[in-house]
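Here the structure is laid out as C-alpha cells; the discussion comes afterwards.
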Amino acid sequence: MLGFIKKDLLVSKSNLKIYLLMLLVYILLSLNGDFNILFVVPFLSTVVVISSFSFDEASKWNMYAATLPKGRKNIVKSKYLVLVILYFLTSIISILLAMIISYFTTKSIPYLEIFLTTLYMCVAVFIIHAIIFPFIFKFGIEKARFIIFGFIFAFAIVVGLITSNIDLSFINEEFEKINLLQLNLIVSAIGIISYYLSYLISKRITLKKEY
C-alpha cells in the first residue's frame, strides 16, 4: 500500500515546478483581491490526482499492479488516500497563506471564515471526487473525461434552472434554525459518507475489471 501511495506522490513531484508556478500566480491574484486562495490551492490536489490517473493509464501501471498481492484493492485505496493526504497538506498551506494575505491586506485575520471555507471546500472536493472516481476506474481517464464534463455541464444547467425558477429563501430560514456546530457536523458527515461509498463502488468495479 505504501508503495502505491509513494508512487503517486513521486509522479506529482515530477511536475512540482509547474505546481509551484501556479501557486505563485494564484498568490499574486489573491493579493489583488481577484481570487480567494482558500478556493484555489486545494484545487491543486485535484490536478495532481487526475494527473496520476493519466500516468497510470499511459504506462499500463494497473495491468502490472493487478498481478501483485491485493494489487487491485491497493490501486483503488491508494488513489482515495492520496487525495486525502494531498488535500490535507494543501489545506494547511492555503490556510497559512490566507492568514498571511488577510493580515497584509486588511490587518486582521478572520479565523472562523477561513476555517469554515476550508471545511466546505473539503466536503465539496470529496463529493466531486466521490462522483468522478468510479467513472475513472470503470472507463479509464480518457473516456471518463467526457462523462465528467457532461456531468458538470448537466449539473450547472440544473442548478441554473433551479436558482432562476424556484424561490430558495426558505433554505436560508431553515439554516438559521440550525446550530453552526450541527451544520458543520452534518456537512462533514455527508462528505465522509459519500467518499467512503464511492471507494466501495470503485473497489467493486476494479475487482471485476479485466486488464
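Values in this text are rule-based calculations from the coordinates and carry no lab data. Since the structure is predicted, the reported quantities are computational estimates derived from the model, not experimental observations. We place every Cβ from the backbone using ideal geometry, glycine too, and count neighbours over all the protein chains shown.
Below is a table of values for the structure above.
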{"item": "Length added when fully stretched, K107-I92, from 0.36 nm per residue minus Cα-Cα", "result": "3.3 nm"}
{"item": "Residue order, fewest to most beta carbons within 10 Å, for R72, R204", "result": "R204, R72"}
{"item": "Cross-link pairs K143/K208; K6/K143; K6/K209; K13/K138; K7/K79 - those with Cα-Cα distance over 22 Å", "result": "K6/K143; K6/K209; K13/K138"}
{"item": "Calculated FRET efficiency for the pair E210/A189, C-beta based, R₀ 35 Å, to 0.05", "result": "0.45"}
{"item": "Karplus 3J(HN,Hα) series, Hz, for segment 79-96 with 6.51 cos²θ - 1.76 cosθ + 1.60 (x for Gly, Pro)", "result": "5, 5, 6, 4, 4, 4, 4, 5, 5, 4, 5, 5, 5, 4, 4, 5, 5, 4"}
{"item": "Extension gain from L9 to F115, taking 0.36 nm per residue of separation minus the Cα-Cα distance", "result": "35.5 nm"}
{"item": "Nitroxide proxy distance, nm - points 7 Å out along Cα→Cβ at N32 and L68", "result": "4.4"}
{"item": "L200-L2 FRET efficiency (beta carbon distance; Förster radius 25 Å; 0.05 resolution)", "result": "0.70"}
